[in-house]
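Report on the following structure.
What follows draws every value from the coordinates through simple rules; no lab data is involved. All values reported here derive from a predicted model rather than from experimental measurement. Here the Cβ positions follow ideal geometry from the backbone for every residue, glycine too, while neighbour counts run over all protein chains shown.
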Amino acid sequence: MKIAIMGAMVEEITPLLEFFGTYETIEHAKNRYYTTSYRGIDLVIAYSKIGKVNASLTASTLIEKFGAQKLLFSGVAGALNPSLKVGDLLVATKLAQHDLDITAFGHPHGYVPEGSVYVETDKALTELAKQVALEQKIPLLEGIIATGDQFICDGVKKEWIHTTFNADATEMEGASVAVVCDALNIPFCVLRAISDAADMDAGFSFDEFLVSSAKESAQFIIAMLDEL
Ligand SMILES: Nc1ncnc2c(CN3C[C@H](CSc4cnccn4)[C@@H](O)C3)c[nH]c12
């Protein structure tokens with residue numbers, strides 16, 4: 001079994017590389033892919049760099065070039081659901097692109113022809129995450145993620161995304177990974193730890209909690225590997 005673990009920022013995969021300790025580095029398409037193995041599972045790890053385009057390229061490469069059979073995304077996110085606080089973990093049930101907009105032609109936000117507003121994550125992987133959370137007595141919210149090529153740090157935009165997509169969190173890569181994995185028929189899950197509240201203080205909160213929240217998400221992913 002070959003599993004890809006993907007983040008967007010180096011801070012989101014550093015805890016993984018530190019945990020696994022030894023790995024090969026392969027340079028490709030202006031990025032680096034790290035290969036290792038863990039408990040008989042072949043792993044390929046990468047951070048995409050920020051945003052939907054970078055995430056699509058990396059997710060496609062992990063699958064098409066490196067042969068990943070499942071893809072786990074680990075990272076941080078901004079909370080839209082007021083009950084989500086910094087450090088809380090969220091596993092996505094489905095993801096949408098909040099900045100995809102051809103409403104001029106009568107389509108809903110997040111929709112383009114031959115597509116869908118939401119892409120669902122793999123139910124088995126989501127159930128595994130819930131099982132691990134129960135075993136480790138870690139609170140885990142199952143929710144909807146809205147992805148867009150913007151760092152959300154404004155209450156008005158935050159509320160619009162929350163309401164329009166009924167989304168619990170926002171980030172900049174998950175929905176594009178979802179489109180790629182869905183098209184290539186690769187089971188995937190998106191796990192995010194909250195780093196900020198996507199409001200006017202989001203930048204400061206993000207800077208303060210990126211590392212600790214990224215570590216929390218990465219540790220949870222490792223716990224999932226132990227049960228795969
Ligand atoms: N409020 C929010 N809105 C949108 N996305 C997020 C995220 C998740 N990641 C973090 C990072 C922010 S941009 C970036 C650029 N340079 C430095 C740090 N972050 C991008 O990869 C998306 C956490 N909080 C978010």
- Item | Condition broken by Thr103, with the remaining ones in (1) more than 21 Å from Ala183 (Cα to Cα); (2) within 16 Å of the ligand (Cβ to nearest atom) satisfied | (2)
- Message: If I filter segment 2-48 down to residues being farther than 21 Å from Val190 by Cα and aliphatic (A, V, I, L, M), which single residue comes out as surrounded by the fewest Cβ atoms within 10 Å (Cβ to Cβ)?
- Response: Ala29
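Matching residues to (1) among the aromatic types (Phe, Trp, Tyr); (2) within 11 Å of the ligand (Cβ to nearest atom); (3) out of contact with any His (no Cβ under 7 Å at 6 or more places or on another chain):
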{"position": "Val44", "(1), (2), (3)": "no, no, yes"}
{"position": "Tyr47", "(1), (2), (3)": "yes, yes, yes"}
{"position": "Ile50", "(1), (2), (3)": "no, yes, yes"}
{"position": "Ala55", "(1), (2), (3)": "no, yes, yes"}
{"position": "Glu64", "(1), (2), (3)": "no, no, yes"}
{"position": "Gly67", "(1), (2), (3)": "no, no, yes"}
{"position": "Ala79", "(1), (2), (3)": "no, yes, yes"}
{"position": "Ser83", "(1), (2), (3)": "no, no, yes"}
{"position": "Val91", "(1), (2), (3)": "no, no, yes"}
- segment 1-30, residues that are within 17 Å of Gly67 (Cα to Cα) and within 16 Å of the ligand (Cβ to nearest atom): Ile5, Met6
- Query: Could we say that Ala146 is within 12 Å of the ligand (Cβ to nearest atom), small (Gly, Ala, Ser), in a loop (DSSP other than H, G, I, E, B) and buried (at least 23 other Cβ atoms within 10 Å of the Cβ) here?
  - Reply: no
- Tell me the helices (runs of 4 or more DSSP H) entirely within segment 151-228 that contain at least 2 residues that are within 11 Å of the ligand (Cβ to nearest atom) and in contact (Cβ under 8 Å) with a residue 60 or more places away in the chain. 155-165, 202-225
